[in-house]
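First up is the structure itself, then whatever we jot down about it.
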Amino acid sequence: MEGRLQGDPRPSERPLVRLRVVAAVLVAALAASVLLSAKEVRRHVGQSVACDSKLTPAERRHAAGDRLHLDPAPFDAFRAELGPRELYAVDVPPGARGPFITRGAVVRAYAAFYFLPAIQVEHTDHVFHYRFR
């Protein structure tokens, strides 16, 4: 008993193993609860969007592009050619300058979202060409 005098009535200052076990169990239960709740909420939101939405699946898929006034036809045609994790590049002119970015940058950002799970890169043989209407 290093550091203690013989006959010292105070308990040793070593943390209790039981306290650590209880804390670990509580943290694990909390983490499991969060994961299960998130899964349930995500499922419920997905069902609500699919069942309660007044939009068709195609209208939901194109909603963001419609707000940006982008023609959906070239996006749909190119998406049909892409596979998961396939590399593609975007060829679009800069277009008009908005308050923060150009229209071309908007198209590149929208394409990165719309073509998921394909991967947008700077240069590759598979190129998406977009021209403004």
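With θ set to phi - 60° and the Karplus curve 6.51 cos²θ - 1.76 cosθ + 1.60, what are the ³J(HN,Hα) couplings of segment 124-129 in order, to the nearest whole Hz, using x for Gly and Pro?
Coupling constants for segment 124-129: 6, 6, 8, 10, 8, 9 Hz.
Roughly how many Å² is the accessible area per residue of segment 27-89, as a whole number, for a 1.4 Å probe?
Here the per-residue accessible area is 75 Å².
Return the sequence-ordered ³J(HN,Hα) values of segment 87-96 in whole Hz as given by the Karplus equation 6.51 cos²θ - 1.76 cosθ + 1.60 applied to θ = phi - 60°, using x for Gly and Pro.
The phi angles translate into 8, 8, 10, 10, 10, 9, x, x, x, 5 Hz.
Would you mind checking which residues have amide H under 5 Å from Thr102's amide H? H placed 1.01 Å from N; only 5 or more apart, or other chain.
Counting only residues 5 or more places away or on other chains, the set is empty.
Order of 85-92, 55-62, 27-34 by packing, highest average Cβ count within 10 Å first?
85-92, 55-62, 27-34
Roughly how many debye, to the nearest 20, is the charge dipole of the chain about its Cα centre, given +1 on each Lys and Arg Cβ, -1 on each Asp and Glu Cβ, and no other charges?
Roughly 460 debye, rounded to the nearest 20.
Which net charge results when you count Lys and Arg as +1 and Asp and Glu as -1 among the other residues whose beta-carbon is under 14 Å from that of Leu68?
Around Leu68, the charge tally is +3.
Scan around Phe128 for amide H atoms under 5 Å from its own, H built in the peptide plane at 1.01 Å from N, and keep only partners 5 or more places away or cross-chain.
Under 5 Å from the amide H of Phe128 lie the amide H atoms of Ala89, Val90, Asp91, each far enough along the sequence or on another chain.
What ³J(HN,Hα) values, in whole Hz, does the Karplus curve 6.51 cos²θ - 1.76 cosθ + 1.60 give for segment 102-119 when θ = phi - 60°, with x put for Gly and Pro?
Working through the residues one at a time gives 8, 4, x, 5, 5, 5, 4, 5, 5, 4, 4, 6, 5, 8, 4, x, 5, 10 Hz.
First select every other residue whose beta carbon is under 12 angstrom from the beta carbon of Val121; then total the charges, Lys and Arg +1, Asp and Glu -1.
Computed value for this residue: -1.
The values are calculated or read from the model by the stated rules, or taken from the named source; none is laboratory data. Everything numeric in this text was worked out from a predicted model, so none of it was measured. All Cβ positions, even for glycine, are placed from backbone atoms using ideal geometry, and neighbour counts span all protein chains on display. Quick note on the areas: whole protein, heavy atoms, side chains included, nothing else; ligands and nucleic acids left out. Shrake-Rupley method; radii C 1.70, N 1.55, O 1.52, S 1.80 Å.
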